[in-house]
Amino acid sequence: MTAAHDHQDPRRITVFTGSAPGGSPVFAERTAQLARALAERGIGVVYGGGKVGLMGVLADAALAAGGAVHGVMPRSLVDDEIAHDGLTGLDVVADMHERKLRMGELAEAFVALPGGAGTLEELFEVWTWQQLGIHAKPVALFDVDGYWRPLLTALEGMSAHGFLSPQFLASLVVADTAEDLLAKLSAWTPPRAKWS
Ligand code: AMP
């Protein structure tokens, strides 16, 4: 990943999301809606490459709407997460580290949809790398039905206690519609890096 200021109007967005579908159909509905909105605007999706859970919903909906979808999957997960066989591109990589690096290189912005520990791990890595100035790409939470509210409350608490600079909290994009998300990604400017 480079620290180039290369975020304007992303052509490809890396999406982190759950390998589970979630307990309510609203998660799949809103995921598919976002996938279609990206495809209709000619924005490619980069994601983990699987067919399971919301990851599969995302890929299927974007492909059905004519979008480009590129998967990145470690060899060890090809069977477990069921590598999607209809993608416009699939990189099978050595391990999780290579997966995240590749998913970071391929897109100009990152968006986390509802997911579990894996989604959070991926989200926090790209967000902390942004704070360190390792890349200058926007990181967003796509909120479905208030899913990210408890996390945002925890982050606000961390900031109030002096462990998270307000400028970094403010740099985390939060949106709940495709239009809102794309407008915010387009207007985003990188925060001043932590040790600069
Ligand atoms: P989850 O949100 O836990 O359902 O996981 C979503 C995706 O994150 C799955 O494709 C996992 O394989 C992936 N994942 C979990 N941990 C990591 C990690 N450390 N690095 C990269 N991807 C991960």
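Would you kindly derive the ³J(HN,Hα) couplings of segment 24-40 from the backbone phi angles with the Karplus curve 6.51 cos²θ - 1.76 cosθ + 1.60 (θ = phi - 60°), listing them in order in whole Hz, with x for Gly and Pro?
Once rounded to whole Hz, the list reads 9, x, 4, 5, 5, 4, 6, 5, 5, 4, 5, 4, 5, 4, 5, 4, 5.
Once R0 is set to 22 Å, what does the formula 1/(1 + (r/R0)^6) return for the Cβ-Cβ distance between Ala187 and Glu156, expressed as a FRET efficiency to the nearest 0.05?
The computed FRET efficiency comes out at 0.50.
If I model a spin label as a point 7 Å beyond the Cα along the Cα-Cβ vector, how far apart are those points for Ser76 and Val26 in nm?
Reported label-point gap for Ser76 and Val26 is 3.6 nm.
Whole-Hz ³J(HN,Hα) for each residue in segment 59-64, computed from phi via Karplus 6.51 cos²θ - 1.76 cosθ + 1.60 with θ = phi - 60°, x for glycine and proline: what do you get?
Here the 3J(HN,Hα) series is 5, 4, 5, 5, 5, 4 Hz.
Under a straight-distance cross-link criterion of Cα-Cα below 19 Å, which lysines are reachable from Lys100, leaving out those fewer than 8 residues away in the same chain?
Leaving aside lysines fewer than 8 places away in the same chain, those within reach of Lys100 are Lys51, Lys137.
Report the residue, chosen from Val26, Val69, Val57, that carries the largest GNM mean-square fluctuation when the chain is represented by alpha-carbon nodes joined by springs under 10 Å.
Val26
Does anyone have the angle between helix 117-131 and the longest principal axis of the chain? Alpha-carbon axes, 0 to 90°, nearest 10?
The angle comes out at about 40 degrees.
Enter the angle in degrees (range 0 to 90, nearest 10) between the Cα long axis of helix 178-187 and the first principal axis of the Cα atoms of the chain, meaning the one along which they spread out most.
50
Note the full-extension length gain between Gln33 and Arg149 as 0.36 nm times their separation in residues minus their Cα-Cα distance, in nm to one decimal.
Taking 0.36 nm per residue and subtracting the Cα distance, the gain is 39.7 nm.
Add -39500 (n - 2.57) for each DSSP H run of 4 or more in the chain, then divide by its residues: what number comes out at 222 nm, to the nearest 500 deg cm²/dmol?
Only helices count here, giving -12500 deg cm²/dmol.
Once the dipole of the chain is set up with Lys and Arg at +1 and Asp and Glu at -1 on Cβ about the Cα centre, which of Phe27, Gly89, Gln130 lies farthest towards its positive end?
It is Gln130, whose Cα lies furthest towards the positive end.
Given H placed on each backbone N at 1.01 Å, which residues far from Ala112 in sequence or on other chains put an amide H within less than 5 Å of it?
The list, which skips near neighbours in sequence, is Phe16, Ala140, Leu141, Phe142.
A short reminder: the numbers here are calculations on the coordinates, not readings from a lab. On a predicted model such as this, the values are computed, not experimentally measured, just so you know. Methodologically, a virtual Cβ is constructed for each residue, glycine included, from the backbone with ideal geometry; neighbour enumeration extends over all protein chains shown.
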